[in-house]
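Accompanying notes for the structure given below.
The values are calculated or read from the model by the stated rules, or taken from the named source; none is laboratory data. Computed from a predicted structure; not experimentally measured. Because the Cβ atoms are built from the backbone with ideal geometry, glycine has one as well, and the counts that use them run over all protein chains shown. The accessibility values were calculated without ligands, DNA or RNA, using every heavy atom of the protein model including side chains. Shrake-Rupley method; radii C 1.70, N 1.55, O 1.52, S 1.80 Å.
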Amino acid sequence: MAIRTKLVAGNWKMNGLRQDGAMLAHALKERALAAGGTLGCEILVCPPATLLSEVGGILAGSGIALGGQDCHAAPKGAYTGDIGPEMLADLGCSYVVLGHSERRQGHGETDAVVRGKVAGAWRAGLVAILCVGETQRQRQAGEAIEVVSSQLAGSIPDTATAATLVVAYEPVWAIGTGLTATIEDIAAMHAEIRSRIPSGARILYGGSVNPKNAEAILGLSDVDGALVGGASLDAADFWSIAQSCPAG
Ligand code: PEP
């Protein structure tokens, strides 16, 4: 069975002017160089599109990967304000986050729309980090597994492989709220997701991951890393989360 290297990904969301992004990138690069490849995980940062070029330049040679937070399904065209997957690849991105709940809710992205974007990302050679997760109402109604299974079925193109797809399970009610799913619920949902995606594909947990809860979450056998929002804006906190990955 393929080894699933853990991935700790920082989603900076719509945060940071150029100076903030540069400071954060320098602080992460410093830590990465000091660690010298001894971390038990791969590190990825997903800054806002406006910072990709500068942050990518600073991180060059650090081993930290660069990713986008969204992309259009098409490679180019008359889509004012959008960013094509090839544009992300051209800036040095190797990953793109797709179907984040803030896009599904705030921009009306359906599973079909997300599926098109995943396929577009793959055409550009990017790894898609596909986000899925239930709302609080859905969890309380006992519908969490059904909702997530339906998102997976609707958002993943048939050509998915372990090398091109990463799934991020992010309960909507846990994002940016300080609430996290219980260890038992995370384990159960990840096992369910594992049964529905290509063998060897990684599954991240996201939702208020912080230096205090990271070790317990990242220690679960079906958790292959974390998608970190708020805590990724602080280099020390983000690095501490990455250091919580069990060694090899
Ligand atoms: C996210 O944005 O994907 C996320 C999980 O945010 P936070 O860590 O702040 O909950």
- Task: Within the stretch 23-43, identify whether any single residue is in a loop (DSSP other than H, G, I, E, B), within 16 Å of the ligand (Cβ to nearest atom), touching a residue at least 12 places away in the same chain (Cβ under 8 Å) and open to solvent by 20 Å² or more (accessible area, probe 1.4 Å), and answer yes or no.
- Result: no
- Qualifying residues in the stretch 55-72 (those that are more than 18 Å from the chain's Cα centre (by Cα) and in a loop (DSSP other than H, G, I, E, B)) - the one surrounded by the fewest Cβ atoms within 10 Å (Cβ to Cβ): Gly61
- Hey, Ser155 more than 16 Å from Gly229 (Cα to Cα) and either in contact (Cβ under 8 Å) with a residue 24 or more places away in the chain or within 16 Å of the ligand (Cβ to nearest atom) (or both) or not: yes
- Note on the structure: Inside the stretch 177-203, the number of residues satisfying the requirement of being touching a Lys or Arg at 6+ places or on another chain (Cβ under 9 Å) and within 16 Å of the ligand (Cβ to nearest atom) is 4
- Task: Find the residue count for the stretch 193-206, including only residues that are open to solvent by 10 Å² or more (accessible area, probe 1.4 Å) and part of a strand (DSSP E or B).
- Result: 1
- Which one is farthest from the ligand (Cβ to nearest atom), of the residues in the stretch 207-217 that are touching a helix residue (DSSP H, G or I) at 6+ places or on another chain (Cβ under 8 Å) and not in a loop (DSSP other than H, G, I, E, B)? Ala216
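Residues that are in contact (Cβ under 8 Å) with a residue 12 or more places away in the chain, in a loop (DSSP other than H, G, I, E, B), away from the ligand (no atom under 16 Å from the Cβ) and open to solvent by 60 Å² or more (accessible area, probe 1.4 Å): does the stretch 84-98 have at least one? Full working, then the answer.
Filtering the stretch 84-98 down to residues in contact (Cβ under 8 Å) with a residue 12 or more places away in the chain leaves 84-89, 91-98.
Applying the additional criterion that residues be in a loop (DSSP other than H, G, I, E, B) yields 84, 91-94.
Right, trim to away from the ligand (no atom under 16 Å from the Cβ) and you get 84, 91-94.
Imposing the further condition that a residue be open to solvent by 60 Å² or more (accessible area, probe 1.4 Å) reduces the set to 91.
The answer is yes; a qualifying residue exists.
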- Query: Quick one: would you say Leu7 is of a type in the set (A, V, I, L, M, F, W, C), buried (at least 22 other Cβ atoms within 10 Å of the Cβ) and part of a helix (DSSP H, G or I)?
  - Reply: no
- Task: Among the helices (runs of 4 or more DSSP H) lying completely within the stretch 108-192, list those that include at least 2 residues that are open to solvent by 60 Å² or more (accessible area, probe 1.4 Å) and of a type in the set (D, E, K, R).
- Result: 111-123, 136-140
- Query: If we keep just the residues of the stretch 218-235 that are open to solvent by 50 Å² or more (accessible area, probe 1.4 Å) and under 17 Å from Arg31 (Cβ atoms), which is farthest from the ligand (Cβ to nearest atom)?
  - Reply: Asp234
- Note on the structure: With the first residue restricted to the stretch 219-230 and required to be more than 14 Å from Glu42 (Cα to Cα), and the second required to be in a strand (DSSP E or B) and within 6 Å of the ligand (Cβ to nearest atom), Cβ contacts under 7 Å at 6 or more apart or on different chains are Gly229/Asn11
